[in-house]
Amino acid sequence: MKRLMRILVLPFALVLLMGADNQEARYQNIGGKIMCTCGCAQMLLKCNHVGCPNSAQMIKELRTNVNQTSNDEEVLNWFRKNWGITAVVEPSTHGFELLAWLLPIAGMGIGLLLVLLVIRSWRLRPATVAAGDMNLAPELEAMRDRARRETEI
Amino acid sequence: MPLLGNFCLLFALALAIYCFVVGVIAAVSKNAVGYRLAETARRAGMASFVAVLLAAVALVYSALTDDFSVAYILHHSNRALPAPYKFAVLWSGQEGSMLFWALLLSCYGFVLRLRHKVDQRLVAMASMVLAGIQVFFLILVNFVAKPFGMMDRVVADGNGLNPLLQYPEMVIHPPMLYLGYVGVSVPFAFALAALIMRYPGEKWIHLTRKWTMIAWCFQSVGILLGAHWAYAVLGWGGYWGWDPVENASLLPWLSGTAFLHSVMMQEKRGMMKVWNIWLIFITFMLSILGTLLTRAGLVSSVHAFAQSSIGPWFTTLLGVVFAVCLIFYIKNRDHLKAENKLESLVSRESSFLFNNLVLLGACFAVLCGTLFPILSEAVRGVKMNLGAPFYNKVMIPIGLFLIFLTGVGPLLAWRSTSYGSIKRNFAIPATVSFTVMVTLMVVWYRSGIRFWTDLNQIYALLSFTLGTLVTATIASEFIRGGRVLQNKLQTNLLAGVYLLMRRNMRRYGGYVVHFGVVLVIIGLAGTAFNKDQEKELGVADSMQIGHYELRNQEYTQDDNANYRSEAALLDVYKDGKYLTRLNPEERWFKASGGQPVHIVANYSTLVEDLYVIYEGSPNGHPFIKALVNPLVNWIWIGVLVIIFGTGMALVPNAAPVTAQVPKAVAVSAMEKQGMRAAGVSE
């Protein structure tokens, strides 16, 4: 079983650890985090608004920044500074915007903790015995019912 | 007609108030008079449906007859609007959609009250809760968002329907969503009623099971129809943009899905009673919150929902519902104690717990992202909207873990699963999915896809692998069970599988729904391989995208009463061979001040979609954007499978085939054990 688990986990881990970047992929990736600011409410690379006053300029600036800067966060910060913080729809990983990333993680963490506490309390609690007379037949009947329900046959 | 509509709405409000107030009195007085009062309340509730229906008919009639003296019709319709869209006017604006909500709610209430004999006391209490909600919506349509408000002057023609809504799916997508969200009110009403009454046992769950599943199915179909509408109409090549309105529809769906799973724990093991009660309360509150978020202008959306004054009303409703739920929970929480304990961590119970954790975690993450602009505005004074990159980063790993649980959960037994059983059950699905993963890696590598350089393609690989795991699990469940019956009843495997399904339609219907979800996931995973290309095409010019070549034959213009349009006629060749002709188009609707709408041309196959958008002609030639979107069709096929699976799960089970034992033998055997012969089933 352990061997099987290793076989299963290893490729996933390898695949997740791998990650090389090329300029086109970076351009697509960063462009997918920037919104066109003309008011069309579309992502920069998806803006299908012909004659858009902003997208051509923004795309040109994106190309230039991707070629000049190796750090993706710096490119996004450039857009935040020049086009306003609402131009980038992915929150940054510092300051107030970090909260957006932390909240879901905290929520999941607290949820996991609660689930573990619930499991612990269940395991410690004795099972409740159903009230009723203790004649053999109804009890057996109840057991049969329970078996039917739990095995679903 | 507007007068009749107004009168019907007022009358419906009076009936709903009577149903609610008299329902409360009847619930308090437990004598014969109370019983008779409850009966009058029930009939008043049923009559309120007729009154609201008449009001809705009056509004539709006003739309069909172009009665622009009604302000709502003036703002949402025009003479040239085709008749089906005039019908859709009922839910295309704020006032109409509130009336539509009230109509569906009273319709659900009508069916519930009609079937009161299933449990008269519980239904009477649930009907009272439902009447309370009805009163809220009828107050709204009578005094706040009036669909029959009159114009003070006569106008020749209306402003027209939002052009984005002039699409066949918009005639069915909103009703589906509304049916889903309003449908949640029924299990909510039963849950609250059962809590108020300290109703023993799990009967409220049995009674609401079908309602919950139907509401969930409508929600799923509604959400995916909305996605299809976005894909076909918005013309940006995608179907889900994590817009606040989309998120608002997803929130109750996620909590509703968690409820559908965890409720099984209560039915089978008498566990998670508090959890289930709160899950259905939360699901109902989330559907109200979604309405509040999108209609009160708290968050901005690309969808055409106007900011309005109904926000405070929904905030009040939310507060009242929460307070009522909390009060009765605190008062009667001792009634919700679990009957059994968890016997093993490796069990179906645990998998449901984690399934609920992940679904609610996903719900919380979406809620955080949706509410973040409000928080950002409060702290920094700027509404910072979070877009797809944020949601994709947070939600894709959660989604992948959820698919993993979907694959693993069904293989775990209730109460406890032995190591041997895990090994036996997992061997084949794990091997098959691992083989698929390795095969995909090799095939992609050979075809030049360097998937390790793109996180989206890595996610796609994991999606295909886990999708295979779920499919293999489902198949193994069917085959294993089918084989048992095949041997027991001396029949063939197919008949065995059929009999297996007929014995437990809910379980196997659920597996079919899981398979539908896998198909949707496969469709979503295809996004990682999307291609797009943009070019200005003069006559006889061509562009290449993937295997496809698009040649512009000509472009045309058209003008009719409703809109003016431009279209390109593109011949499509695949690997040099003629395939089809596509006509991407752009329309400018006259009544809406010339708002442009893209009419996308889509050549769709099971492998990929060639999606072509006419973006305009700034220099006199069409500007064409073409996308190749792989596997998109599997999303819509997945929806059909989900509907089929839900339908299956709603079909009653067939009686199990039992081996015949001669009665005399059975009785004698039971007597030997001191058991009563009455226990023998004949």
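The values are calculated or read from the model by the stated rules, or taken from the named source; none is laboratory data. Quick caveat: nothing in here was measured; it's all calculated off a predicted structure. FYI the Cβ positions are ideal-geometry reconstructions off the backbone, even for glycines, and counts take in every protein chain you see.
Could you list all residues from the range B:29-65 that are modelled with pLDDT under 90 and either closer than 26 Å to residue B:150 by Cα or of a type in the set (S, T, N, Q) (or both)?
B:29, B:31
If I filter the range B:82-93 for residues that are outside any helix (DSSP H, G or I) and not assigned by TED's automatic domain parsing to the domain that holds residue B:309, do I get at least one hit?
Within the range B:82-93, one or more residues are outside any helix (DSSP H, G or I) and not assigned by TED's automatic domain parsing to the domain that holds residue B:309.
Is it the case that residue B:317 is hydrophobic (A, V, I, L, M, F, W, C), more than 9 Å from every other protein chain (Cβ to nearest Cβ) and touching a helix residue (DSSP H, G or I) at 6+ places or on another chain (Cβ under 6 Å)?
Yes.
Among the residues of the range A:37-91, which ones are assigned to a helix (DSSP H, G or I), touching a Phe, Trp or Tyr at 6+ places or on another chain (Cβ under 8 Å) and within 11 Å of chain B (Cβ to nearest Cβ)?
A:46, A:87
Those residues that are farther than 16 Å from residue B:559 by Cα and touching a Gly at 6+ places or on another chain (Cβ under 8 Å), I need them from the range B:580-609; list them, please.
Within the range B:580-609, B:600, B:608 meet the criteria.
Among (1) in a helix (DSSP H, G or I); (2) in contact (Cβ under 8 Å) with a residue 60 or more places away in the chain, where does residue B:107 come up short?
Going through (1) in a helix (DSSP H, G or I); (2) in contact (Cβ under 8 Å) with a residue 60 or more places away in the chain one by one, residue B:107 breaks only (2).
Counting only residues that are farther than 14 Å from residue B:537 by Cβ, polar (S, T, N, Q) and modelled with pLDDT under 95, give me the strands (runs of 3 or more DSSP E) lying completely in the range B:565-636 with at least 2 of them.
Strands (runs of 3 or more DSSP E) meeting the threshold: B:601-604.
Against the definition (within 11 Å of another protein chain (Cβ to nearest Cβ) and at pLDDT 85 or above), how does residue A:136 come out, yes or no?
For residue A:136, the condition - within 11 Å of another protein chain (Cβ to nearest Cβ) and at pLDDT 85 or above - is not met.
Based on what the data block shows, is residue B:500 under 30 Å from the mean Cα position of the chain (by Cα) and more than 9 Å from chain A (Cβ to nearest Cβ)?
Against the criterion (under 30 Å from the mean Cα position of the chain (by Cα) and more than 9 Å from chain A (Cβ to nearest Cβ)), residue B:500 qualifies.
From the set of residues in the range B:416-456 that are buried (at least 17 other Cβ atoms within 10 Å of the Cβ), over 20 Å from residue B:346 (Cα atoms) and more than 10 Å from every other protein chain (Cβ to nearest Cβ), which is modelled with the lowest pLDDT?
So, considering only residues that are buried (at least 17 other Cβ atoms within 10 Å of the Cβ), over 20 Å from residue B:346 (Cα atoms) and more than 10 Å from every other protein chain (Cβ to nearest Cβ), the one modelled with the lowest pLDDT is B:449.
This table checks each residue for (1) at the interface with chain A (Cβ under 10 Å from one of its Cβ atoms); (2) assigned to a helix (DSSP H, G or I); (3) buried (at least 19 other Cβ atoms within 10 Å of the Cβ).
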position: B:366; (1), (2), (3): yes, yes, yes
position: B:376; (1), (2), (3): yes, yes, yes
position: B:386; (1), (2), (3): yes, no, yes
position: B:391; (1), (2), (3): yes, yes, yes
position: B:410; (1), (2), (3): no, yes, yes
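Based on this model, can you work out whether residue A:33 counts as at pLDDT 75 or above, at the interface with chain B (Cβ under 8 Å from one of its Cβ atoms) and under 18 Å from residue A:80 (Cβ atoms)?
yes
Would you confirm, using the coordinates I've provided, whether residue B:240 is over 18 Å from the mean Cα position of the chain (by Cα), within 14 Å of another protein chain (Cβ to nearest Cβ) and at pLDDT 80 or above?
No.
What is the number of the single condition among (1) over 16 Å from residue B:194 (Cβ atoms); (2) loosely packed, with under 15 Cβ neighbours inside 10 Å; (3) within 14 Å of chain A (Cβ to nearest Cβ) that residue B:334 does not meet?
(1)
Let me confirm something: among B:384, B:395, which residue is at pLDDT 85 or above and outside the structural domain of residue B:263 (by TED's automatic domain parsing)?
Answer to the selection: B:395.
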